[in-house]
Amino acid sequence: MTTRVLSGITVAVVGVLLLCSGLATTLIFGGGTGAAACAAIASVTPTAPSATRSPASGGIGPIGDWSTEQVGNAATITAVGMRLGVPPRGWVIAVATAMQESSLINTPGGDRDSVGLFQQRPSQGWGTPEQLQDPQYAATKFYQKLQAVDGWQAMALTEAAQAVQRSAYPDAYARWEPDATRIVTALTGVTAGLATCGVTVSAQGWTQPVHADVGSGFRTEDRPGHDGVDLIVGKGTPIHAASAGTVTVVRCNAVDVRTGAGWGCDRDGDPALTRGCGWYVDITHPGGVITRYCHMLTHPSVAEGQQVAAGDVIGVSGSSGHSSGPHLHFEVHLGDHTSATAVDPVGFMASVGAPLNQ
Ligand SMILES: [Zn+2]
């Protein structure tokens, strides 16, 4: 391990200790730059006791598929954002951007003259190669550019990241939003204000899981067994919890109809050869209402038993399971998880002030 990496980890640990000290709450409610705009629609879910939020002994542990080194770099990026007074949504955008650009590994080189966590280019005026290999410098430059983007807090993550990075593959940022959200939450305990500020929650506490047209409807003549609606969105679109509740199911359900064996959910399904919901989530809301979200691209970003707030990102859209192309299959049940209790999501969502088709 090089001295540079070692010193990076030390900085990260200091950062995380700071983050756990309650500074986060102050930042959100004390109002960093632009935080007020987010506060009105941000909602707070109970955070874990501080003991569970402290870094594992010996430093920061791995989170999901992200190693100690990668999580350490995410911690540095988050700590810099807090220090600069950037609202929490910015931390998620920055971590997701670094996930796409460098897999959160502080690399000395890259495409053309790109350097470091954000793959910034000295030739484009970002700084010297030496400066850009310093995670704190690189993150500071990222946040400075982000905050100069008009209306960045209301933008989709892809749009905001692209405004800073000008990548050749802008859509690639979106798929990291759930992981980035999960890591930022794990490091800071902050759950409020992480989603796009464009998410609006109705007076009854509901929001659209995605903004999209209804492609295929509920139990149509052609598809009487279709217990939900298909909301047409591109691959990698963040899916939001329609209301607050408890995640009761996180599962891969994709079966090869020819053999009865598992098809797998980390790849597209097939409308003829695959049966099942793919990667999917059920959320149980107060009053016995259950919402279901199917065909996600990758493992959902929530876990069974987790509390979510309306608008929290729970995963991204894809085409896993019985599916002919990227979309969100969305169901609403009144009572239990069975087909018998499914109701038309169009009517239900209109009744709770969060109509679909917009
Ligand atoms: Zn469907």
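Specify which of the listed residues (Val316, Val352, Val343, Val308) is surrounded by 15 or more Cβ atoms within 10 Å (Cβ to Cβ) and touching a helix residue (DSSP H, G or I) at 6+ places or on another chain (Cβ under 9 Å). If you could, list the steps in order and put the result at the bottom.
Working: Val352 fails: touching a helix residue (DSSP H, G or I) at 6+ places or on another chain (Cβ under 9 Å); Val343 fails: touching a helix residue (DSSP H, G or I) at 6+ places or on another chain (Cβ under 9 Å); Val308 fails: touching a helix residue (DSSP H, G or I) at 6+ places or on another chain (Cβ under 9 Å).
The conditions single out Val316.
Condition check: touching a Ser or Thr at 6+ places or on another chain (Cβ under 9 Å) and either of a type in the set (Phe, Trp, Tyr) or surrounded by 16 or more Cβ atoms within 10 Å (Cβ to Cβ) (or both). Does Asp256 satisfy that?
Numbers: touching a Ser or Thr at 6+ places or on another chain (Cβ under 9 Å): yes; either of a type in the set (Phe, Trp, Tyr) or surrounded by 16 or more Cβ atoms within 10 Å (Cβ to Cβ) (or both): yes.
Yes, satisfied.
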Task: Total residues in the stretch 334-348, condition in contact with a His (Cβ under 9 Å, 6 or more places away or on another chain) and more than 16 Å from the ligand (Cβ to nearest atom) - done: 2
Task: Pick from the stretch 205-252, criterion assigned by TED's automatic domain parsing to the domain that holds Ile283 and of a type in the set (Ser, Thr, Tyr), ranking: farthest from Asp312 (Cα to Cα) - done: Thr248
Task: In the stretch 238-272, residue farthest from Val352 (Cα to Cα) [restricted to those that are touching a His at 6+ places or on another chain (Cβ under 9 Å) and hydroxyl-bearing (Ser, Thr, Tyr)] - done: Thr248
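Taking Thr97 as the residue in question, decide whether it is β-branched (Val, Ile, Thr) and farther than 21 Å from Ala186 by Cα. Walk me through how you get there before you give the answer.
Numbers: β-branched (Val, Ile, Thr): yes; farther than 21 Å from Ala186 by Cα: no.
Taking the combined requirement at face value, the residue does not satisfy it.
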Task: Among the candidates Thr207, Thr181, Thr128, Thr188, residue that is over 26 Å from Trp66 (Cα atoms), touching a residue at least 40 places away in the same chain (Cβ under 8 Å) and of a type in the set (Val, Ile, Thr) - done: Thr207
Open item on the list: Could you tell me how many of the residues in the stretch 276-333 are within 11 Å of the ligand (Cβ to nearest atom), more than 13 Å from Val233 (Cα to Cα) and of a type in the set (A, V, I, L, M)?
Closed with: 0
TODO: Please give the number of the condition Glu304 fails out of (1) touching a His at 6+ places or on another chain (Cβ under 9 Å); (2) assigned to a loop (DSSP other than H, G, I, E, B).
DONE: (1)
Open item on the list: I'd like the residue in the stretch 264-285 that is part of a loop (DSSP other than H, G, I, E, B) and among the charged types (D, E, K, R) and, out of all such residues, is surrounded by the most Cβ atoms within 10 Å (Cβ to Cβ).
Closed with: Asp268
- [ ] For the stretch 293-313, enumerate the residues that are of a type in the set (D, E, K, R) and closer than 23 Å to Ala156 by Cα.
- [x] Asp312
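The values are calculated or read from the model by the stated rules, or taken from the named source; none is laboratory data. Keep in mind that this is a model prediction, so the values were computed, not measured. Positions of Cβ are backbone-derived with ideal geometry, glycine not excepted, and every protein chain shown enters the neighbour counts.
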